[in-house]
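The values are calculated or read from the model by the stated rules, or taken from the named source; none is laboratory data. All of these numbers come straight from a predicted model, not from anything done at the bench. FYI the Cβ positions are ideal-geometry reconstructions off the backbone, even for glycines, and counts take in every protein chain you see.
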Amino acid sequence: MLGIKTKSQDAEKIRKYLINENLFRYGYDLIKEKSKITIPVKKIYDKIGFQKKFPKAEIVDTRFIKTQKKQDYKDILKKKIDTSLLPSSFDIIGDIIIIDITDEIKNFQKEIGEALLLANKNIKTILKKSGMHEGEFRTQKLSYVAGINTKETVYKENNVRLKLDVEKVYFSPRLSKERKRIYQLVKQGENVLVMFSGSAPYPCVIAKNTGAKEIIGIEKNPIGHKYGIENIALNKLKNVTLYNGDVLDVIPKLKKKFNRILMPLPKGAEDFLDLALSATKKGSIVHFYDFEHETELSLGEEKVKRACKKNKIKFKILNTVKCGQYSPGKFRICIDFKVCNEHMEKENEGNMNKFLRMKKTLTDDEAKKMKKVIKEFKKD
Ligand SMILES: C[S@@+](CC[C@H](N)C(=O)[O-])C[C@H]1O[C@@H](n2cnc3c(N)ncnc32)[C@H](O)[C@@H]1O
């Protein structure tokens, strides 16, 4: 059967081209070798045109294996459990499945875990949710159900690999599309600040897929930060700097203005809007995340409006997007807005003083250093 053999990094572009040209042969597995992928095709009607467009791709004659229809784990369980009680969706992070097991089916959890492993050959571990995302670090208690007893995995998205412990660090694979939306907005040469960076999914995805000059991430959870550092190395990224600490402490010390600021802390990011605004300049874009009920989506924009008014900042809302569901009727939203004026140092200084007051546990040494930062800020 006819196939196109290409370098792995070009495969997706060629596959999309073949689909568009109605040349892709469905129903067969792609052949994956070390750094090459072979894609099944129906025919190549314009061989010269194709080779001109993709000069490094080879047209080969090879054997492809028919794609096996994926088994549904519910089918495996249908003789034992009322399958309507089984969850239809679950999170897959790397080779771990995280499932919600209700009280009605908890006596069957071992069987459910084994069935999930049987139906999903790439999965090694099944965990169940034992609580909500909670606390300052937004982590979630998980318990072992079946397979290898681990909570650490490597997950792939948007051309990066991310290693993390799914219990000790916040992470949501459901946000991969949102991360793609953001990186597609980043322009050449930008300096980007990612507040609340976790295991660094946003910094890695932006660094890998854009021409951003510099990306700074700040994360308070030391374990999240540790994985962030590992992920920068794993993806061989050179233009990312990560800080372990509270944004309230780190941002004033950076003494920098950013082209773009991300605030991925939907529960509570509004408390940090003044701080984010203090690191903006004319033209900066802020991505402010929030949870709002679908009948009250405008409340998110109100929060932006209030903070900008207080800081005497002119702004323009560029976009408000829904990027996930939190609970019935309640959505994670992102408000993209642009700062339209230079703002006054006085305001920034006022903000910094306020942050110092907010940080009640400031040591004498820290206070001295911060005073120095403010003094230098005034000089600039
Ligand atoms: C919703 S998670 C997002 C993590 C990451 N950006 C992601 O998308 O996977 C919010 C993160 O903010 C961190 N965080 C909360 N308060 C913080 C603060 N004051 N300073 C720095 N990080 C903070 C939490 O530990 C958590 O990792």
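The residues on offer are Tyr170, Tyr155, Tyr202, and the sole one that is buried (at least 18 other Cβ atoms within 10 Å of the Cβ), among the hydroxyl-bearing types (Ser, Thr, Tyr) and closer than 18 Å to Thr241 by Cβ is Tyr202. Among residues of region 1-53 being hydroxyl-bearing (Ser, Thr, Tyr) and loosely packed, with under 12 Cβ neighbours inside 10 Å, the one that is nearest to Lys70 (Cα to Cα) is Tyr26. Looking at Leu175, Leu193, which is the one that is crowded, with 18+ Cβ neighbours inside 10 Å, of a type outside the set (D, E, K, R) and more than 10 Å from the chain's Cα centre (by Cα)? Every option except Leu193 fails the conditions. Annotation note: Cβ proximity below 6 Å between a residue of region 134-152 that is touching a residue at least 24 places away in the same chain (Cβ under 8 Å) and within 16 Å of the ligand (Cβ to nearest atom) and a residue that is assigned to a loop (DSSP other than H, G, I, E, B) and among the charged types (D, E, K, R) (sequence gap 6+ or interchain) occurs for Leu142/Glu167; Lys151/Glu167. Of the numbered criteria (1) buried (at least 20 other Cβ atoms within 10 Å of the Cβ); (2) within 13 Å of the ligand (Cβ to nearest atom), the one Thr280 fails is (2). In region 112-123, the count of residues that are out of contact with any Leu (no Cβ under 8 Å at 6 or more places or on another chain), free of Cβ contacts under 8 Å to residues at least 24 places away in the same chain and more than 29 Å from Lys163 (Cβ to Cβ) is zero. Those strands (runs of 3 or more DSSP E) of region 143-207 in which 2 or more residues are modelled with pLDDT of 95 or more and closer than 23 Å to Lys338 by Cα occupy 191-195. Taken over region 188-210, the criterion of being within 8 Å of the ligand (Cβ to nearest atom) and not hydrophobic (A, V, I, L, M, F, W, C) is satisfied by Ser197, Gly198, Ser199, Pro201, Tyr202.
Screening Lys80, Lys34 for residues that are out of contact with any Phe, Trp or Tyr (no Cβ under 6 Å at 6 or more places or on another chain) and outside the structural domain of Gly113 (by TED's automatic domain parsing) leaves exactly one candidate, Lys34.
Scanning region 105-134 for residues that are in a loop (DSSP other than H, G, I, E, B), within 23 Å of Lys156 (Cβ to Cβ) and of a type outside the set (S, T, N, Q) yields a total of 4.
All told, Phe258 falls short of being buried (at least 19 other Cβ atoms within 10 Å of the Cβ), within 20 Å of Glu136 (Cα to Cα) and within 16 Å of the ligand (Cβ to nearest atom). Being surrounded by 11 or more Cβ atoms within 10 Å (Cβ to Cβ), hydroxyl-bearing (Ser, Thr, Tyr) and out of contact with any Asp or Glu (no Cβ under 7 Å at 6 or more places or on another chain) is a description that applies to Tyr73.
Summed over region 145-168, residues that are within 10 Å of Pro201 (Cβ to Cβ) and among the β-branched types (Val, Ile, Thr) total 1. The residue list Lys322, Lys303, Lys312, Lys238 contains one member that is assigned by TED's automatic domain parsing to the domain that holds Glu342, in contact with a helix residue (DSSP H, G or I) (Cβ under 9 Å, 6 or more places away or on another chain), more than 16 Å from the ligand (Cβ to nearest atom) and on the phi > 0 side of the Ramachandran plot, which is Lys312.
Considering only region 304-322, how many residues are closer than 24 Å to His133 by Cβ, surrounded by 18 or more Cβ atoms within 10 Å (Cβ to Cβ) and either in contact (Cβ under 8 Å) with a residue 40 or more places away in the chain or not aliphatic (A, V, I, L, M) (or both)? Of the residues in that region, 1 qualify.
Of the helices (runs of 4 or more DSSP H) lying entirely inside region 1-104, those containing at least 3 residues that are within 30 Å of Val154 (Cα to Cα) are 8-20, 73-77. Residues that are within 12 Å of the ligand (Cβ to nearest atom) and touching a residue at least 60 places away in the same chain (Cβ under 8 Å) within region 166-187 comprise Val166, Phe171, Ser172, Pro173, Arg174, Leu175, Glu178, Ile182, listed in sequence order.
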